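Remarks on the structure that follows.
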Amino acid sequence: MQNVLLKVDNLKKYFPKGTSSLKKGPHVKAVDDVSFQVYEGETLGIVGESGCGKSTTGRMIMRLLEPTDGSIKFNGVELSSLSKQEMRKARRDIQMVFQDPYASLNPRHTVKKILEEPLIVHDIGNSTERKNRVEEYLEIVGLSSYHAKRYPHQFSGGQRQRIGIARALMTNPKLIIADEPVSALDVSIQAQVLNLMQRLQQELKLTYIFIAHDLGVVRHISDRVGVMYLGRFVELADSESLYAEPLHPYTQALLSAVPIPDPTYEREKIILTGDVSNAIPNKGCTFQTRCPYATLTCKMTVPDLVEVKPGHSVACHLFNEAQQ
Ligand code: SF4
């Protein structure tokens, strides 16, 4: 039986539209009733187009954004009810790696200062211990101790992301939320950073939430993958079954765009019409305006995320009805 490290229930984030208040006026449902669990030692990939709510979900777990509603339990502790000070302490165990390492590293600080900062914030070690830990973690992520004196602009994109990863590791966290950590990197460098993250996961017994817009990127690193569309999970399954047999029409379309490294095999590419921004329906399934199988039921009723096979859940009337 795997231990649940993070349990998210009915999480919502609504933003007011224009100048109206959230209670009275129209609002955008960036994350709308999302529930999932993350088990100790696993990688949960969260995938979807830009604007689907995946990064907002990650930021709410860190409480960089306040949820509109819902529960986030980390190791049994309800994060959404912690005070700011208590949450600051909790962040020792939950760290984030960002998409753009250049923007997230202070250009005026040396790497030593950047990596020392989380230790100072959490009051870990004296100055010698901190210096040693900085050097140790530079080596762990494949850099060298002499890099500590340099500034972010003196590194390549891949090296900067290694620094971002080292910074996230400094406090010995249990959970790392990696928000598109390789999207800004060249393809060849992406593989190196993914390999590094996998190695670190095994060596340091880390748990990852790996956020990406591309199913191809999360495939090899994720144990399970959740696909988000317009603020909701539309499919959640173990990697093997999701890639072998995607059930939701949106997952099928996303997967058809992932190149296959076998020239003898051709997969039919599913082209979705419309885009996310102009396709938000008032009721029913959020995917109805782009779905080739939409029926009247789809236009009226939101499909629940239902487990249709062991460990494989989907939010689509095509499958939910077959279960009844
Ligand atoms: Fe398509 Fe209907 Fe399934 Fe939504 S519920 S994905 S519209 S078939």
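What follows is calculated from the coordinates using simple rules that are stated; it is not laboratory data. The shown structure was predicted, so the numbers you read here are calculated from the model rather than taken from an experiment. Every residue, glycine as well, gets a Cβ built from its backbone with ideal geometry; the counts of neighbours run over all protein chains shown.
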FRET efficiency for Lys17 and Tyr151 from the Cβ-Cβ distance with R0 = 41 Å, rounded to 0.05, comes out at 0.50
Name the longest site-free stretch of the chain, where the excluded sites are GluC sites (Glu not before Pro) in a DSSP loop with no more than 10 other beta-carbon atoms within 10 Å.
-> 1-265
Would you mind getting me the FRET efficiency between Asp93 and Asp9? Use the beta-carbon distance for r and R0 = 25 Å, nearest 0.05.
-> 0.80
Calculate how many DSSP beta bridges within the chain are antiparallel, expressed in % of all such bridges and rounded to the nearest 5.
-> 60 percent
So for the pair Asp304, Ser50, with labels modelled 7 Å out along Cα→Cβ, what separation do we get in nm?
-> 3.6 nm
Which one of Thr295, Val77, Ser104 is farthest out on the positive end of the charge dipole of the chain, using unit charges on Cβ (Lys, Arg +1; Asp, Glu -1) and the Cα centre as origin?
-> Ser104
Which of Lys149/Lys174; Lys54/Lys299; Lys7/Lys299; Lys12/Lys299; Lys12/Lys283; Lys13/Lys89 exceed 19 Å between C-alpha atoms? The answer is Lys149/Lys174; Lys54/Lys299; Lys7/Lys299; Lys12/Lys299; Lys13/Lys89
Return the distance in nm (one decimal) between the two label points of a simple spin-label model at Ser256 and His122, each offset 7 Å from Cα along Cα→Cβ.
-> 4.5 nm
With +1 on each Lys and Arg Cβ and -1 on each Asp and Glu Cβ, how big is the dipole of region 111-170 about its Cα centre, in debye rounded to the nearest 20?
-> 260 debye
Which value in deg cm²/dmol, rounded to the nearest 500, describes the helix-derived mean residue ellipticity at 222 nm for the chain, given -39,500 (n - 2.57) per DSSP H run of n ≥ 4 and division by the residue count?
-> -9000 deg cm²/dmol
Excluding Arg130 itself, calculate the net charge of residues whose Cβ lies under 12 Å from the Cβ of Arg130, where each Lys or Arg counts +1 and each Asp or Glu counts -1.
-> -2
